[in-house]
Every structure is written in structure tokens, then in C-alpha cells.
Amino acid sequence: MTEPTPVPAEAPPSAASLPLRPAQQPTQQPQAFQQPQYTDNFYDAVGGHPTFVKLVDVFYEGVADDPLMRPMYPEEDLGPAKERLLLFLEQYWGGPKTYGEQRGHPRLRMRHMPFIVTPAARDAWLRHMRAAVDSLDLSPLHEGTLWDYLERAAHSMVNSA
């Protein structure tokens, strides 16, 4: 008796070789990936210029009456300092590039070197900035993102014990 000759097994078809059913036929070219709108631009997502104006206004309301902070702002009027912070924050978060056009690179540490920034000054700055951020009623994601940056920036400005 002879043994049957083995028949080679066919490999299963690959997905690429299977014909598409009519419902699966592409009707148009796939579109390029786009970031979801909520991550396009932080500045716009949180309300743009009015939001940053409010942030800066509330912050400087606290600074104006703070005996530790006020000496760090040598101008009689806090207006120029408010304008600089507003322009910086707007540019940093994706708004107009006015700060860079007017003042160049921010060089935050260099610009703050003339002032003695102690941990107590940092904490006072953060206290006023916390009140300002809280006044905005941002979504938790936006609030957390903004606060994380502000807190890290404040810690990096400390230049004296």
C-alpha cells in the first residue's frame, strides 16, 4: 500500500490580498492628520487677549499693595510692567509676537538679575499669580497647564537665599 502524497498547505491570504467589499471601497483620498482643535493654540483656547489682560490685571492688583513685591517694580506706575508681562505671556502661549518684536528674546533670568529674588519673593509672586489664575475660571486642563508653567518659572527666578 502506498502512502498518499502530502498536499502542501496553502498559506492563508493576507489582508492586503483580500478584495474589499463594496462598502469598504475608499471613496476619496484619506485626509492628512490634523491636531484636535483643543490643542491648536493655548492662547486662543483660553480666550485670547481678554483672558491674559485679566490675568495680568488681577496679578498686579496684588503686587501693588505687597511690601515685598512692590520694590521690584521701580516705575511709579505699574503700567509698563503690566504691559511687558502681558506681551510676554501672550507670545509664550501662542498669541501675538509683539514682545519679541519690541524687546527681543525674553532672557527671563538675565532681566530679573538686578532684583533680589528670594524664596519669600517667589512665594509672594506665586500667591498673587495664584489669585490671578483662579480669577480666570479656566478648565482644569488649561488651569493646570498654565499654573505648571508659572510655578516652574517662579522657581527658576530665585537668585538669592
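In table form, for the structure just shown:
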quantity: Accessible surface ranking that places the most exposed of Leu68, Leu136 first, with a 1.4 angstrom probe; calculated: Leu68, Leu136
quantity: Filtered trypsin sites (Lys or Arg not before Pro), the range 57-161: DSSP coil and at most 11 other beta carbons within 10 Å; calculated: Lys97, Arg107
quantity: Distance-filtered residues of the range 140-158 - backbone nitrogen under 18 Å, label point 7 angstrom along Asp123 Cα→Cβ; calculated: 151-158
quantity: Ranked order, Glu151, Glu83, Glu101 - accessible area, probe 1.4 Å, largest first; calculated: Glu101, Glu83, Glu151
quantity: Val53 accessible area, assembled protein chains, probe 1.4 Å, Å²; calculated: 40
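The values are calculated or read from the model by the stated rules, or taken from the named source; none is laboratory data. From a predicted model like this one, the values you see are computed outputs, not experimental measurements. When we count neighbours, we look across all protein chains shown, and the Cβ atoms used for this are built from the backbone with ideal geometry, even at glycine. Calculation scope for accessible area: heavy atoms of the full protein, side chains included, ligands and nucleic acids excluded. Shrake-Rupley method; radii C 1.70, N 1.55, O 1.52, S 1.80 Å.
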